[in-house]
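Here is the structure we will look at, set down as structure tokens.
The values are calculated or read from the model by the stated rules, or taken from the named source; none is laboratory data. These numbers were taken from a predicted model, which means no experiment stands behind them. Here Cβ is always computed from backbone atoms with ideal geometry, including for glycine, and neighbour counts include all displayed protein chains.
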Amino acid sequence: MFQILNEKGEIVNEDAMPDLSDEDLKEIMRRMVYTRILDQRSIALNRQGRLGFYAPTAGQEASQLGSHFALEKEDFILPGYRDVPQLIWHGLPLTKAFLFSRGHYKGNQMPEGVNAVSPQIIIGAQITQAAGVGLGFKKRGKDAVAITYTGDGGASQGDFYEGMNFAGAFGAQTIFVVQNNQFAISVPVEKQSAAETIAQKAVGVGIEGLQVDGMDVLAVYAATKEARKRAIDGEGPTLIETMTYRYGPHTMAGDDPTRYRTDDMDSEWEQQDPIVRFRTFLEGKDLWSEEEENKVIEDAKAEIKAAIKEADNTPKQKVTDLISNMYEELPSNLQEQMEEYKEKESK
């Protein structure tokens, strides 16, 4: 497993240390702390009935944000449903992220210049799409990559193998990230596959594969940066398995992680917390303080409060919106329904 920072925040792989400025390091930390607060507030908002579907992200910040920090604006993100943080740091406004959670069509409209699609709810469906986007970049001679994310459960889907096989065969400029958080909802990874790692599955389709400490933001960054370079240099796609952990439930829809995870397992992974680890590293370099972290927390809370208020003030989606958004020219059966719902909505 590729690692740069160990659990104590100590550099254990000096040769692999990425070329990041002090400001870059602080920005990564700022994003991780902000995202942890966003997760906490989103869970609270969900419990208040102010958000809809939500998949907690705490514990996976290094995997998500370390990989994203290695990207460029022109790169294209095809996320899974837990990967809203990457979209936000790629340019998706917070308000739209909240509207996505509510199922509002405006939450699925990417602003101009944000190269991404909405989070995929169907497990693994984004993987074949990412192969196509990456091939498109190659054929157009673009110095850009497509990156897609799924969990260990997604690695058990047919689309996972088909997407990687296609990308490998055609040399697509694609990075496949599997965030192995140990459980596909309640099914442990060892019951999903007889393979010792998910990363080794890259061998079967002839592409590069590596396993990374997903609680080490520097390792994830370095691995993704190298994968991006390889893709653009014509060396093909890469599969990155990040070994990580989600501290909360699979989603807020009702699964209870205490039924399939032990206290000892939770405790073991909490001792590897990506934010604590990176904080220790930065404090050792005199680059981070409690005062700076508190400012990030307060700023995050203020921005989240403003964004949810804006989402609350967005006109609710109507049935007629759904019908009109699906077709440029409505078929006769939907024309009838459109008139019916127009009349209902006017009352």
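If you go through segment 268-300 and keep only what is closer than 22 Å to I4 by Cα, within 22 Å of the chain's Cα centre (by Cα) and part of a helix (DSSP H, G or I), you end up with W269, E270, P274, I275, V276, R277, F278, R279.
Conditions (1) among the hydroxyl-bearing types (S, T, Y); (2) touching a strand residue (DSSP E or B) at 6+ places or on another chain (Cβ under 6 Å); (3) modelled with pLDDT of 95 or more; (4) closer than 17 Å to F53 by Cβ, marked per residue:
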| position | (1), (2), (3), (4) |
| --- | --- |
| I88 | no, no, yes, yes |
| N115 | no, yes, yes, no |
| A125 | no, no, yes, yes |
| F137 | no, no, yes, no |
| I147 | no, yes, yes, no |
| D152 | no, yes, yes, no |
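All but one of (1) touching a Phe, Trp or Tyr at 6+ places or on another chain (Cβ under 7 Å); (2) in the same structural domain as Q179 (by TED's automatic domain parsing) hold for G9, so report the exception by its number. Against the list (1) touching a Phe, Trp or Tyr at 6+ places or on another chain (Cβ under 7 Å); (2) in the same structural domain as Q179 (by TED's automatic domain parsing), G9 comes up short only on (2).
Among A311, A302, which is the only one that is in contact with a Phe, Trp or Tyr (Cβ under 8 Å, 6 or more places away or on another chain) and not acidic (D, E)? Outline the logic, then answer.
Values: A302 fails: in contact with a Phe, Trp or Tyr (Cβ under 8 Å, 6 or more places away or on another chain).
Every option except A311 fails the conditions.
Search segment 147-179 for residues being free of Cβ contacts under 8 Å to residues at least 60 places away in the same chain and polar (S, T, N, Q), and hand back the single one that is farthest from G132 (Cα to Cα). Residue satisfying both the conditions and the ranking: S156.
With respect to being out of contact with any Ser or Thr (no Cβ under 9 Å at 6 or more places or on another chain) and of a type in the set (A, V, I, L, M, F, W, C), F183 fits the description. Being assigned to a loop (DSSP other than H, G, I, E, B) and in contact with a Ser or Thr (Cβ under 8 Å, 6 or more places away or on another chain) is the filter; apply it to segment 84-114 and report the residue that is surrounded by the most Cβ atoms within 10 Å (Cβ to Cβ). Once the filter is applied, the top-ranked residue is H104. When A58 is tested against the conditions (1) assigned to a loop (DSSP other than H, G, I, E, B); (2) farther than 21 Å from K295 by Cβ, the lone failure is (2).
Right, M17: within 17 Å of T242 (Cα to Cα) and of a type in the set (A, V, I, L, M) or not? No; evaluated as a whole, the condition is false for this residue. Restricting E303, E336 to those that are among the charged types (D, E, K, R), free of Cβ contacts under 8 Å to residues at least 12 places away in the same chain and in a helix (DSSP H, G or I) reduces the list to E336.
Is it true that S42 is buried (at least 18 other Cβ atoms within 10 Å of the Cβ), closer than 28 Å to K138 by Cβ, in the same structural domain as A184 (by TED's automatic domain parsing) and small (G, A, S)?
Judged against the criteria, S42 is not a match.
Which ones in segment 168-206 are of a type in the set (G, A, S), within 25 Å of A55 (Cα to Cα) and not in a loop (DSSP other than H, G, I, E, B)? If you could, list the steps in order and put the result at the bottom.
Of segment 168-206, the ones of a type in the set (G, A, S) are 168-169, 171-172, 184, 186, 193-195, 199, 202, 204, 206.
Right, trim to within 25 Å of A55 (Cα to Cα) and you get 184, 186, 193, 199.
The answer is A184, A199.
Answer yes or no: is there a residue in segment 21-31 that is modelled with pLDDT of 95 or more, of a type in the set (D, E, K, R) and under 22 Å from Q120 (Cα atoms). Steps first, answer last, please.
Let us first name the residues in segment 21-31 that are modelled with pLDDT of 95 or more, namely 21-31.
If we keep only those that are of a type in the set (D, E, K, R) as well, we get 22-24, 26-27, 30-31.
Now drop any that are not under 22 Å from Q120 (Cα atoms), which leaves none.
No, there is no match, as no residue in segment 21-31 is modelled with pLDDT of 95 or more, of a type in the set (D, E, K, R) and under 22 Å from Q120 (Cα atoms).
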